[in-house]
Structures are given as structure tokens and as C-alpha cells.
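Visitor: Have a look at the structure that comes next, please.
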Amino acid sequence: MATCIWIADTAAAGPEPPGRYTGGVQDLTAAFHLLFSGDPGMLGIVAVSLRVSLSAVALGAVLGLPLGAVLAVARFPGRRGVVVALNALMGLPPVLVGLLVYLLLSRAGPLGAWGLLFTPGAMILAQTILITPILAALSRQALEGLWEEYAEALASFGAGPLRAVPTLLWDGRFALLTVLLAGFGRAAAEVGAVMIVGGNIDGYTRVMTTAIALETSKGDLPLAIGLGLVLMTIVLAVNALAQWLRDVAQRRMG
């Protein structure tokens, strides 16, 4: 009698919710099939992710690296406060950045006329705001040691702190490449800000992180797993390259 009641209750409950993970080997096999078959949808998502993140790193480098170099060599009132602020902004919550950029670019916002909301441009702007403090703070730390080492030599050639900035940026290029790779890793793994300002539009603003979140909630686990494998591969490759550059820089420095 108890068995009959259990069967009846199971039948009444219906099938398992689509979001519950019931696959396993099948989903993993399907994910690898998507990877090695060159699925156009997956490749398009990866391409948008790389374009957005690389663009944000380029803009962040233009803003952050010179700022970090200036902070490494210059001494002025309030410098310590700026350094503390940069270090604090390294942990800026992505959803807060997304909200601020959304308010700026919405129709009622000051930049609403630009029409950037829910476009890759808005995503690039949000990621640039996120990673610029990281690039500035890490480059300052990397170049401060060089400035202490080269300050007297550069002063003998009549180069003051600000004139020494290009020299420091060039001599510290290997360390700065590591900084840029760290910024790229941060941008590529970001989800909150790009979800808010990009809208996760299929074929336009959908990136790997937002697609993984969406497809997992829909129960399309093969695509989510495939994108997760691609994202993990990119993160591992970036970290391996950063370690190699760090070793090269150490050998060059003796």
C-alpha cells in the first residue's frame, strides 16, 4: 500500500524542473561536441566577449598606466589619499558600476543622447571603469621600485619625475604586460555590470559570463559547460602568459 502511494505521489509531482542538473556525461559530451564542431552561436559569444574585454583593457591602459606611473614618481599633497582611493576602487562592486553606467546612459541620464545603452559600447565603458583603478594601482606598485632604482641616474641627465614617466613605462614594460593581463582576466570574468548595461541580447551583447548564467537557468547545460570550458581555458592561458612574462622580466633584471 505504501508503495502504491509513493508511485502515485511521484506521478503527481510530474517531471523534474528543467533547471535541475540531471545530465552528466551526456551534457559534457554535448559540450565538447559544440566546442570541436565550431558551433556558430558559441563562437559568436566568444568573439563578442573578446572584443569587449580587449577594448576595455586598451582604454584602461591608456588611462591607468600613465596615472600609475605619475603616482609612482610624483610627490604632492594628497598623494597618499589618491593611492588609498585607487586601492579601494580595485574592489569596486561590478553591479554598482553597472548601475552608475546605466543611469548615465539611460534616456533620462546625462549621456542618454549617445544611445549607447544595451550596446557593446556601454559594456566596454563599464569594464573600463572597473579595470582602470586596477591597472593604475598595480602599475604604481610595479614602477615605484624602478623609480627608486633609477631616480638618481635619471636626475643626472636632467630628467625630473614627470619626464621620467616614459622611461619608466618602457623599462617596466614586462611588468606592465603582466598588469594588463591581470586587467584582461578581471574584465573577461565580469558578469554583473555587462548584464545590466548590455542587456544580454543574443548575437549582440551576450558574452560568455552572461550566457553561462542564462543557459544554466534555462537548463541548456551543454552550451553553459562549453562556454565555461572556453572561459577557463582563457583564464589559465592568461595566467600562464603572465607568469612567463614575470620570469622573463626577472631574468632581464638579473
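The values are calculated or read from the model by the stated rules, or taken from the named source; none is laboratory data. Just so we're clear, the structure is a prediction, and the values are computed from it rather than from any experiment. Heads up, the Cβs are rebuilt from the backbone with ideal geometry, glycines too, and the neighbour counts pull from every protein chain shown.
Visitor: Being surrounded by 15 or more Cβ atoms within 10 Å (Cβ to Cβ), within 20 Å of the chain's Cα centre (by Cα) and under 26 Å from Ala193 (Cβ atoms), is that true of even one residue in segment 67-74?
Guide: Taking every residue of segment 67-74 in turn, at least one turns out to be surrounded by 15 or more Cβ atoms within 10 Å (Cβ to Cβ), within 20 Å of the chain's Cα centre (by Cα) and under 26 Å from Ala193 (Cβ atoms).
Visitor: Still on this structure: When Ile131 is evaluated against the numbered criteria (1) at pLDDT 95 or above; (2) surrounded by fewer than 24 Cβ atoms within 10 Å (Cβ to Cβ), which criterion, by number, is the only one it fails?
Guide: (2)
Visitor: With the checklist (1) among the aliphatic types (A, V, I, L, M); (2) assigned to a helix (DSSP H, G or I); (3) modelled with pLDDT of 90 or more in hand, flag the one item Ile201 doesn't pass.
Guide: Ile201 satisfies every listed condition except (2).
Visitor: Look through Phe184, Phe174 and report the one residue that is in a helix (DSSP H, G or I) and modelled with pLDDT of 90 or more.
Guide: Selected residue: Phe184, the only one of Phe184, Phe174 that is in a helix (DSSP H, G or I) and modelled with pLDDT of 90 or more.
Visitor: Let me ask something else. Only one residue in Leu214, Leu227 is within 14 Å of Ser49 (Cβ to Cβ), surrounded by 21 or more Cβ atoms within 10 Å (Cβ to Cβ) and either in contact with a helix residue (DSSP H, G or I) (Cβ under 8 Å, 6 or more places away or on another chain) or not acidic (Asp, Glu) (or both). Which one?
Guide: Leu227
Visitor: Has segment 83-94 got any residue that is closer than 27 Å to Asp171 by Cβ and in a loop (DSSP other than H, G, I, E, B)?
Guide: Scanning segment 83-94 turns up at least one residue that is closer than 27 Å to Asp171 by Cβ and in a loop (DSSP other than H, G, I, E, B).
For (1) within 20 Å of the chain's Cα centre (by Cα); (2) under 14 Å from Ser49 (Cβ atoms); (3) crowded, with 18+ Cβ neighbours inside 10 Å; (4) acidic (Asp, Glu), each residue gets a yes or a no:
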{"site": "Val191", "(1), (2), (3), (4)": "yes, yes, yes, no"}
{"site": "Ile196", "(1), (2), (3), (4)": "yes, no, yes, no"}
{"site": "Tyr204", "(1), (2), (3), (4)": "yes, yes, no, no"}
{"site": "Lys218", "(1), (2), (3), (4)": "no, no, no, no"}
{"site": "Ala240", "(1), (2), (3), (4)": "yes, no, no, no"}
{"site": "Asp247", "(1), (2), (3), (4)": "no, no, no, yes"}
